[in-house]
Amino acid sequence: MSKVLIIEDEVAIADLEKDYLELSGFEVETENDGVVGLKRALSEDFDMYILDLMLPGIDGFEICKQIREEKNTPILMVSAKKDDIDKIRGLGLGADDYITKPFSVSELIARLEALTRRIHRGTSAAKPAEEPEQLVSGPFVLDEKSRILYKSGTPIDLTQVEFQIMELFFRNPATALVREKILEGVWGKNYFGDVKIVDVNIRRLRIKIEDNTANPTYITTVWGYGYKWGL
Ligand code: CA
């Protein structure tokens, strides 16, 4: 069963969506506050997010951007204005689909089912085609089955995206990976966001895994190109 988080400040709309989605077999949680919704989106596991664009406090653009920095879980953006949809596309925030209010319940369900099929087909380029295994490199063990990275036996707390970047490195040892390849490998072919998202995540990864962040030895920079797993 797919688990969906709805972030929508209009309680009546959120509740209505929840009722209909549950009838269609989805497991649904709702959050009416953008800040709390973002926090849950980042800390809990969901299969999909339905994200309203206009929220008090923090808007859907920012929430989408922050989710994408850590996760490639599908996002369906909801907006009351058609113009906003163009803006979402233009900003390249990495939303997977868009729907404008008012929409019919059957339209919403059709969109979500299409996203579900995509998840289950595993079109995300991040999913390795190979069987899960334990990959070892220097003091690191990357366990693809439990999706945990260990350094000298200690588990390191990584986001979904950080883990997928490590997976790419481990599967391409001593290979300079161009940033666009990392972007495509982790966020998928249809991601049109800024390639700088790769740098942001590499910076965070280095803080978590390097012995000395000022002089990284595991993830090395290949100037003007990308990054290399240095072991
Ligand atoms: Ca709203």
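Quick rundown of the values:
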item	result
Any pair with Cβ under 7 angstrom, 6 or more apart, that starts in the stretch 102-116 at a residue that is without any contact (Cβ under 8 Å) to a residue 60 or more places away in the chain and ends at one that is among the acidic types (Asp, Glu)	111/97
Residue 49 being among the aromatic types (Phe, Trp, Tyr), more than 13 Å from the ligand (Cβ to nearest atom) and in contact with a Ser or Thr (Cβ under 8 Å, 6 or more places away or on another chain)	yes
Scope the stretch 15-50; condition part of a helix (DSSP H, G or I) and either at positive phi or buried (at least 21 other Cβ atoms within 10 Å of the Cβ) (or both); matching residues	17, 21, 34, 37, 38, 41
For residue 9: the one exception among (1) at pLDDT 95 or above; (2) farther than 18 Å from residue 64 by Cβ	(2)
Pairs, first among the acidic types (Asp, Glu) in the stretch 151-167, second crowded, with 16+ Cβ neighbours inside 10 Å and assigned to a strand (DSSP E or B), C-beta under 7 Å, six or more apart	167/142
Given (1) within 16 Å of the ligand (Cβ to nearest atom); (2) modelled with pLDDT of 90 or more, index of the condition residue 43 fails	(1)
Top-ranked residue of the stretch 1-14 - restricted to ones that are part of a helix (DSSP H, G or I) and among the small types (Gly, Ala, Ser), ranked as nearest to the ligand (Cβ to nearest atom)	14
Test: residue in the stretch 62-80 that is surrounded by fewer than 18 Cβ atoms within 10 Å (Cβ to Cβ), over 13 Å from the mean Cα position of the chain (by Cα), within 16 Å of the ligand (Cβ to nearest atom) and within 28 Å of residue 201 (Cβ to Cβ)	yes
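The values are calculated or read from the model by the stated rules, or taken from the named source; none is laboratory data. As the structure is a prediction and not an experimental result, all values here were calculated from the model. Ideal geometry is used to build each Cβ from the backbone, glycine not excepted, and the neighbour counts take in all protein chains shown.
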